[in-house]
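Read the structure below first, then the notes.
None of the figures in this text is laboratory data; all of them are computed from the coordinates on show. Because the structure is predicted, anything quoted here is derived from the model rather than measured. Cβ atoms come from the backbone with ideal geometry, glycine included; neighbour counts cover every protein chain shown.
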Amino acid sequence: MSKLDNLKFEDPKFQDKDMTRRDFVKTASTALAMTAASSIIPTFAIGGMAPVKVGVLLPFTGTYAKLGSHILDAMKMRIAQNGDKLGGRKVDFTVIDSEMNVPKSTQRVNKLLKKEKANFIIGPVHSGIGINMARMLKDKKVIVVVPNAGANQITGELCAQNIFRTSFTSWQTAYPAGQVMLKEGYKKVALMYYNYAFGKQTAAAFQESFIPGGGEIVADIPTPFPKTEFQSFFTKIAAIKPDAVFTFYSGGGAIKFMKDYAAAGLQGKIPLWGTFLTEGTSRQAGAAAEGIKTTLHYSTELENATNRKFKVDFKKATGDDADVFAVQGYDAGSLLIQGMDAVGGDTDAIVDLQNALRSVKIDSPRGTFTFSKANHPIQDIYLREVQGGVNKVIGVAAKALEDPAIGCKA
Ligand code: BEZ
């Protein structure tokens, strides 16, 4: 580290907020040369590099509001544990509510990229916005970290050197469920899911393993997003009598789904399965969630030291119980910390930064993971069952599962 790394210019002309570390070092060297020449001694103080700009696009309203706030809270918590700094620089956050509005996301992403000149853009939760964001930011001079949206394309044809994900793909979470349900003896399954990109891909990935293994889809029921009137669909399920129902619902919609399913008298008669259905929702759904099985890359019940500490820290910081969304935000924070440390905070060294990010090992509450060539977590998928209000781990549905990244040419 050069001596300049510890200096802060008190002269206002060196306090340009947009000044990067490289600009700073360049300007500082020039300033030193100038002052040496004129023998005037400039006044320096500690810690003066321009802040790193982190733009955030997440939902803080609507059915995915908790998902967005848990991701942001956990990411900030992780960065706070690092002295509120990335690569030695302070951090400026610009936070925008995505409202899960896909058409409006173009203007919002542009605000973060062009007006705020973000070094990092973190988001989104919703796959429709994720696809739009990846199209807009692919190969741009900004690092994108997707802390949720699971659309396969972000790891497939839209993959790029500058786009990373700390979450999952639709395929990664649902493909193992088809295999597990076959093993558990289910032959005739009905599908219910929110009718947009992620729900449709979840249903497709489930069928990819379930049908070749001898399973049959007896009903395919997409429901409008983000509506929560499920009664008429449950009447249909009761009439068809499948062996089980495999679902994609999340957040507030998932709580309503489980409660209505129980109220319709289907709980215990036709088993409910899913991926995200019980995540961050099992306590609020209460008895209606008991016995539901899911395949996912995290459980609060995982026994490892990082998870134990993370749960306590998150509860202390927010008053909420941790969930997979918080984990994905926390890991986004770890990714930024490790990547920025590797380049000494130089966000202009974009290729070095990308290479550093790709090679980090994340000590995650879900278990340690690394990134694939498509910048996506290679991770275990757990089989969970709600018992006593929590998602107990009852097995490993897939070990070190890597998304096939179909169409990725980066
Ligand atoms: C998605 O749209 O990708 C998504 C939203 C909520 C939970 C999981 C995935």
| query | Using modelled backbone amide H atoms (1.01 Å from N, in-plane), which distant-in-sequence or interchain residues come within less than 5 Å of Tyr382's amide H? | reply | Leu296, His297, Tyr298, Ala397
| request: Restrict the search to segment 151-249; then list the GluC sites (Glu not before Pro) that DSSP places in a loop and that have at most 13 other Cβ atoms within 10 Å of their Cβ. | output: Glu184, Glu229
| message | To make sure I understand, if each residue's beta carbon is the centre and we count other beta carbons within 10 Å, what order do Val343, Val218 fall in, fewest to most? | response | Val218, Val343
| Counting each DSSP H run of 4 or more residues in the chain as -39500 (n - 2.57), what helix-only mean residue ellipticity at 222 nm follows after dividing by all residues, to the nearest 500 deg cm²/dmol? | -12000 deg cm²/dmol
| request: Report P(r) for segment 225-292: all Cα-Cα distances, bin width 5 Å, range 0 to the bin holding the largest distance, values in whole percent. | output: 3, 19, 33, 28, 14, 3, 0
| field | Whole-number percent relative contact order across the chain, with pairs defined as alpha carbons under 8 Å at least 6 apart | value | 17
| task | Quickly work out the Lys269-to-Lys188 label distance, labels modelled 7 Å from Cα along the C-beta direction, and quote it in nm with one decimal. | result | 1.5
| FRET efficiency, Thr370 to Lys90 (Cβ-Cβ, R0 22 Å, nearest 0.05) | 0.15
| note | The extension gain from Ala80 to Ile394, computed as 0.36 nm times the residue separation minus the Cα-Cα distance, is 109.7 nm
| message | Testing the spin-label approximation: label points 7 Å from Cα along Cα→Cβ at Lys117 and Glu229. State their distance in nm. | response | 5.0
| Peptide ranges 62-72, 118-128, 323-333, 262-272 listed from the most packed, as the mean C-beta count within 10 angstrom indicates | 323-333, 118-128, 62-72, 262-272
| query | Taking neighbour Cβ counts within 10 Å as the exposure measure, how do Ser209, Ser250 sort from fewest upward? | reply | Ser209, Ser250
| message | Between Ile240 and Gln387, how high is the FRET efficiency from 1/(1 + (r/R0)^6) when r is the Cβ-Cβ distance and R₀ = 35 Å? Nearest 0.05. | response | 0.80
| field | Paramagnetic label zone (point 7 Å from Cα along Cα-to-C-beta, Asp320; backbone N under 18 Å) in segment 53-73 | value | 56-73
| task | Under 1.5 on a/c is rounded, so check that first for segment 264-410, then, if it is not, pick prolate when a/b is larger than b/c and oblate when it is not; a ≥ b ≥ c are the square roots of the alpha carbon gyration tensor eigenvalues. | result | prolate
| request: Excluding residues fewer than 8 places away in the same chain, name every one of the aspartates and glutamates whose C-alpha is closer than 15 Å to that of Lys315. | output: Asp73, Glu301, Asp323
| task | Give the Rg (one decimal place) followed by the Dmax (whole number) of segment 363-410, computed from C-alpha coordinates and expressed in Å. | result | 13.7, 45
| Peptides 355-365, 285-295: what's the order by average Cβ count within 10 Å, highest mean first? | 285-295, 355-365
| remark: Ratio for segment 114-157, C-alpha Rg to 2.2 N^0.38 Å, reads 1.09
| remark: Taking max minus min of the Cα coordinates of segment 204-345 on each principal axis, largest first, gives extents in Å of 61, 36, 29
| task | Please work out the Cα convex hull volume for the chain and give it in Å³ per residue. | result | 127
| query | Over segment 336-410, what is the mean sequence separation of C-alpha contacts under 8 Å (at least six apart), divided by residue count, expressed as relative contact order in percent? | reply | 19
| request: Please give the direction-averaged projected area of the C-alpha convex hull for segment 156-259, in square nanometres with one decimal. | output: 7.6
| note | The residues Ile350, Ile129, sorted from fewest to most surrounding Cβ atoms within 10 Å, come out as Ile350, Ile129
| field | Dipole moment magnitude, nearest 20 debye, the chain about Cα centre, only Lys, Arg, Asp, Glu C-beta charged | value | 380
| request: Find the percent of Cα-Cα distances in segment 260-328 that exceed 15 Å, and round it to a whole number. | output: 58
| Where a Cα-Cα gap under 20 Å defines reach, which lysines qualify for Lys311, not counting those fewer than 8 residues away within the same chain? | Lys66, Lys76, Lys392
| request: Starting from the Cα of Gln284, step 7 Å along the direction of its Cβ; do the same at Asp352; then give the gap between the two resulting points in nm. | output: 4.5
| message | Contact order normalised by length for segment 150-293, with contacts defined as Cα pairs under 8 Å and 6 or more residues apart; what percent is it? | response | 22
| request: For a label point 7 Å from the Cα of Ile217 along Cα→C-beta, name the residues of segment 263-278 whose backbone N is under 17 Å from it. | output: 273-275
| Roughly how many whole Å is it from the C-alpha centroid of segment 207-283 to that of segment 315-378? | 33
